[in-house]
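Worksheet for the structure shown next.
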Amino acid sequence: MADWYRTKVEILSSEHASIWIILLLCLCTIMIIILFGRSLYNVKLPSTNISPKSNANYMQCDTDQLKDLTNELASLNKIAELKEKRRIANERLETHKMNLVKTYLHEELCIYMKEQELSMLIENVCRFTLENGFSPIPVVTDCRLSTLDLRHLVWNIGKRLSWNGNQCSIFLKVCFPIEMKELEIETIRRNLRQRGTCLIELDIPENGSFEFHNTHTS
């Protein structure tokens, strides 16, 4: 009986010991988890928060950049508008000058050329002004105009249309081959403004003006 009791007590004691060991292990595990979690919580990560002052600075920087971009776009638009206005003004001026030249040619040559020849001359002037490399088509007068008259005529219109001396002389040589057959281009160029007895006088434009003064109908 005593041996049985002793054996029972030992069994119970070993069972209790196992339970206590398990409890201690569980308790230790819980403590480790708690301590590890607390350590993770206390770790300081890099802050992604922006202070109100820094945020305001960023916003101000963005606002300034937007203003600069807006001002730059406005300046570009203004430049484009000015270029367009200048282009339109130049086109109007060129059209105005060409209209003056056409009127001058009609008034000055209507008694010396047939209408068809005069129309061809005007077309020659327009295309010679606008088209690089254009070669004028020869025209015919009634032979009453001298080389001096034609030199004055072409210098007068060339001055309004910004032709240089070489352009004027080439136009004369090609467009009036009968009258200019005895003259070389260089000779014509040197004597565009020669004075003398003539039917068509030199018409020097006033400063800033492209108007003609000397015509048969004026």
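The values are calculated or read from the model by the stated rules, or taken from the named source; none is laboratory data. The structure displayed is predicted, hence computed values, not measured ones. Here the Cβ positions follow ideal geometry from the backbone for every residue, glycine too, while neighbour counts run over all protein chains shown.
Brief remarks on what is shown
- Residue within the range 163-185 that is in contact (Cβ under 8 Å) with a residue 40 or more places away in the chain, touching a helix residue (DSSP H, G or I) at 6+ places or on another chain (Cβ under 7 Å) and assigned to a helix (DSSP H, G or I) present: yes
- For the range 60-111, the set of residues classified as in contact with a helix residue (DSSP H, G or I) (Cβ under 9 Å, 6 or more places away or on another chain) and assigned to a helix (DSSP H, G or I) consists of Glu94, Lys97, Met98, Leu100, Val101, Lys102, Tyr104, Leu105, His106, Glu108, Leu109, listed by residue number.
- Selection within the range 112-134 - in contact with a Leu (Cβ under 6 Å, 6 or more places away or on another chain), assigned to a helix (DSSP H, G or I) and not β-branched (Val, Ile, Thr): Leu118
Each row is one residue, and each column tells you yes or no for (1) modelled with pLDDT under 95; (2) buried (at least 19 other Cβ atoms within 10 Å of the Cβ); (3) among the basic types (Lys, Arg).
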residue	(1), (2), (3)
Trp155	no, yes, no
Trp163	no, yes, no
Lys173	no, yes, yes
Glu184	no, no, no
Arg195	yes, no, yes
Ile204	yes, no, no
Glu211	yes, no, no
Thr217	yes, no, no
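- Of all residues in the range 134-148, at least one satisfies being farther than 19 Å from Glu179 by Cβ and surrounded by 12 or more Cβ atoms within 10 Å (Cβ to Cβ).
- The one condition in (1) free of Cβ contacts under 8 Å to residues at least 40 places away in the same chain; (2) among the β-branched types (Val, Ile, Thr); (3) assigned to a helix (DSSP H, G or I) that Ile157 fails to fulfil: (1)
- Residues that are over 41 Å from the mean Cα position of the chain (by Cα) and among the hydrophobic types (A, V, I, L, M, F, W, C), drawn from the range 148-193: Leu148, Leu150, Phe176, Ile178, Met180, Leu183, Ile188
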